[in-house]
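Peer 1: The structure's right below; bear with me while I get my questions together.
The values are calculated or read from the model by the stated rules, or taken from the named source; none is laboratory data. All of these numbers come straight from a predicted model, not from anything done at the bench. Methodologically, a virtual Cβ is constructed for each residue, glycine included, from the backbone with ideal geometry; neighbour enumeration extends over all protein chains shown.
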Amino acid sequence: MTLHIVGALCVAIAIVGGGLKINEVEVPRLSRRRMIALVFAGLFFIGVGVIVDQTTSPTAATAAPGSPTHTP
């Protein structure tokens, strides 16, 4: 889940293009090259997050009967 959030933040910052200030956090103006790099980094993080979620989900589905994750 954390990788999804980091990826979404990278993409959002790239879309805004910098010059954003929230509380004490300020994102300076970004060059076109850095915006493209942020988009690719964000998509990478989102992709890795999806892959990690898919690889961990089947183990919960194959838990032993009687475990808290098993539903009758």
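Peer 1: (1) modelled with pLDDT under 85; (2) under 18 Å from the mean Cα position of the chain (by Cα); (3) of a type outside the set (A, V, I, L, M): which one isn't true of residue 67, the others all being true?
Peer 2: Unmet condition: (2).
Peer 1: Additional query: Consider residue 27 carefully, then state whether it is modelled with pLDDT of 80 or more, β-branched (Val, Ile, Thr) and surrounded by 13 or more Cβ atoms within 10 Å (Cβ to Cβ). Spell out how you get there, then give the answer.
Peer 2: Details: modelled with pLDDT of 80 or more: no; β-branched (Val, Ile, Thr): yes; surrounded by 13 or more Cβ atoms within 10 Å (Cβ to Cβ): yes.
It is false that residue 27 is modelled with pLDDT of 80 or more, β-branched (Val, Ile, Thr) and surrounded by 13 or more Cβ atoms within 10 Å (Cβ to Cβ).
Peer 1: Additional query: In the list 36, 13, which residue meets the criterion of being at pLDDT below 85, surrounded by 11 or more Cβ atoms within 10 Å (Cβ to Cβ) and assigned to a helix (DSSP H, G or I)? Spell out how you get there, then give the answer.
Peer 2: On the way: 36 fails: at pLDDT below 85.
Going through 36, 13 in turn, just one is at pLDDT below 85, surrounded by 11 or more Cβ atoms within 10 Å (Cβ to Cβ) and assigned to a helix (DSSP H, G or I): 13.
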